[in-house]
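The values are calculated or read from the model by the stated rules, or taken from the named source; none is laboratory data. Since this is a predicted model, take the numbers as computed values, not measurements. Virtual Cβ from ideal backbone geometry, glycine too; neighbours counted across all protein chains shown. These accessible areas exclude ligands, DNA and RNA; they are computed on the full protein's heavy atoms, side chains included. Shrake-Rupley method; radii C 1.70, N 1.55, O 1.52, S 1.80 Å.
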Amino acid sequence: MTGDHETVREPGAAPAPGPGEERPSAAAWRNLVLATVGFTLTFWAWDLVAPLASDFDERLHMTSFAQSVLVAVPVLVGSLGRVPVGALTDRYGARRLFPLVSALTIVPVLLLIPAKGSYGALLAVGFVLGLGGTTFAIGVPLVNGWFPPRHRGAALGIFGMGMGGVALSGYVTPRLYHRSENLPFLALAAALAVYAVVAAVLLTDRPGRPVPSTPLTARLAAAGRLRVTWELSALYAIGFGGIVAFGVYLPTYLKTWYGLSPTDAGTRAAGFALVTVVFRPIGGWLADRVHPAVVTAWSLGAVALLAIVQAFDPGLVPTATVCLLLMAAGLGAASGAVFALVARVTPQPQVGSVTGIVGAVGGLGGFVPPLVMGAVYSAKDSYSIGFMLLSDLALAGCVYAYGRMRTAGDP
């Protein structure tokens with residue numbers, strides 16, 4: 001049912017446009033650009049520790065597992081923080097939350113300067129740095145509110161390109177650090193400060209957006225009772241969790257297994273992140289035309305096969321490089337498609353709450369693999385088990401997305 005007209009279509013087909021549905025407005029595009037820039041900068045902050053873990057190790061002499069914990073702590077906190085931040089966005093709007101969170105993220109970024117000589121201090125600051133990872137749950141409701149249904153998949157995919165903050169961090173942070181140890185922290189703090197001011201002036205919520213009046217806990221409980229919330233969470237934990245896991249651990253993997261220098265490993269990891277950034281809007285665009293669950297299934301199926309290949313430890317050039325980049329494409333497309341599905345099946349007043357839960361579980365999906373990879377390597381001197389586990393999870397997601405979710409949201 002679309003407006004006052006009934007349509008009959010095949011399961012899995014894209015929804016027909018509603019009567020009077022218009023193209024996105026100039027205000028919608030302005031807010032999308034602002035949200036994407038803010039997401040990029042805060043994601044850079046969220047991933048600030050990972051590219052420097054090897055440099056910190058030179059003075060702190062961490063074990064492989066201790067280094068994994070260090071890079072995983074911001075991921076954990078940022079993921080869990082999305083739950084309350086998403087619900088707060090439903091209530092107070094992105095216009096207030098985005099500038100506020102961006103400004104608050106400056107504090108842990110600057111605290112890394114005095115903390116970098118102590119493992120305990122780095123862990124504590126990394127805990128607070130997780131705040132930067134919560135902006136995902138602010139931007140999705142904002143973009144979802146401004147864009148009409150047939151354009152939401154592509155718009156959310158473009159917003160998801162803010163994951164490029166990981167690529168930016170992997171490429172830029174080590175180079176700035178080697179010029180001056182404090183330079184990356186000062187530069188990012190300045191960029192966040194400028195953005196917070198610009199966002200406070202120019203960012204706007206959609207006029208007439210539904211504002212829930214129930215308490216935060218009640219709204220989270222209502223979102224948690226939706227079966228689709230947990231189905232989407234599981235799929236996003238594989239897709240986005242895989243991206244986060246590779247983002248925070250790939251430099252260590254390349255340095256340890258293939259003997260690359262920290263700078264070269266960071267550059268190659270940035271290339272991986274860049275591919276995920278490019279393919280996330282492609283996944284969203286495809287999801288506007290094919291059912292999002294179908295796009296998710298094909299993407300995760302490809303990842304499952306490629307992870308098996310990588311488990312056999314192929315040479316870095318060309319096999320492992322091609323394999324890792326194709327996995328990046330699959331994970332990026334799957335992530336974009338899953339959030340197109342969120343927009344398709346979630347009532348508008350609950351988008352923030354559902355996004356918070358789905359985003360949290362997705363981030364937690366990125367918290368566990370680095371710890372597993374570090375522990376497995378310490379015990380077995382091999383990463384093959386970790387890649388086989390990724391293959392199993394991706395295959396399970398592929399089967400569930402196609403078998404259970406490919407008609408979700410259909411009339």
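How do the pairs read when you match residues in the stretch 59-85 that are within 17 Å of VAL376 (Cα to Cα) with residues anywhere that are open to solvent by less than 20 Å² (accessible area, probe 1.4 Å) and outside any helix (DSSP H, G or I), using Cβ under 9 Å and keeping only pairs 6 or more apart or on different chains?
Pairs found: LEU70/VAL49; VAL71/ASP47; VAL71/VAL49.
Considering only the stretch 252-272, I want to know if a residue exists there that is open to solvent by less than 20 Å² (accessible area, probe 1.4 Å), at pLDDT below 85 and within 30 Å of PHE147 (Cβ to Cβ).
Checked against the condition, which is being open to solvent by less than 20 Å² (accessible area, probe 1.4 Å), at pLDDT below 85 and within 30 Å of PHE147 (Cβ to Cβ), the stretch 252-272 yields at least one hit.
Inspect the stretch 49-61 for any residue being open to solvent by 50 Å² or more (accessible area, probe 1.4 Å), part of a helix (DSSP H, G or I) and of a type in the set (D, E, K, R) and give the result as yes or no.
Checked the stretch 49-61: at least one residue is open to solvent by 50 Å² or more (accessible area, probe 1.4 Å), part of a helix (DSSP H, G or I) and of a type in the set (D, E, K, R).
Hey, VAL109 hits all of (1) open to solvent by 10 Å² or more (accessible area, probe 1.4 Å); (2) over 25 Å from GLY239 (Cβ atoms); (3) not polar (S, T, N, Q) but one; which does it fall short on?
(1)
Just give me the residues in the stretch 287-310 being open to solvent by less than 10 Å² (accessible area, probe 1.4 Å) and either among the hydroxyl-bearing types (Ser, Thr, Tyr) or within 19 Å of MET388 (Cβ to Cβ) (or both), in sequence order.
Result: THR296, LEU300, VAL303, ALA304, ALA307, GLN310.
Does GLY126 satisfy the condition of being closer than 24 Å to ARG175 by Cα and either modelled with pLDDT of 85 or more or charged (D, E, K, R) (or both)?
Spelling it out, GLY126 is indeed closer than 24 Å to ARG175 by Cα and either modelled with pLDDT of 85 or more or charged (D, E, K, R) (or both).
Limited to the stretch 352-392, what total is found for residues that are acidic (Asp, Glu) and either in a helix (DSSP H, G or I) or open to solvent by less than 10 Å² (accessible area, probe 1.4 Å) (or both)?
1
I'm trying to understand the selection: among the residues of the stretch 228-242, which are modelled with pLDDT under 85 and either open to solvent by 20 Å² or more (accessible area, probe 1.4 Å) or in contact with a Pro (Cβ under 6 Å, 6 or more places away or on another chain) (or both)?
VAL228
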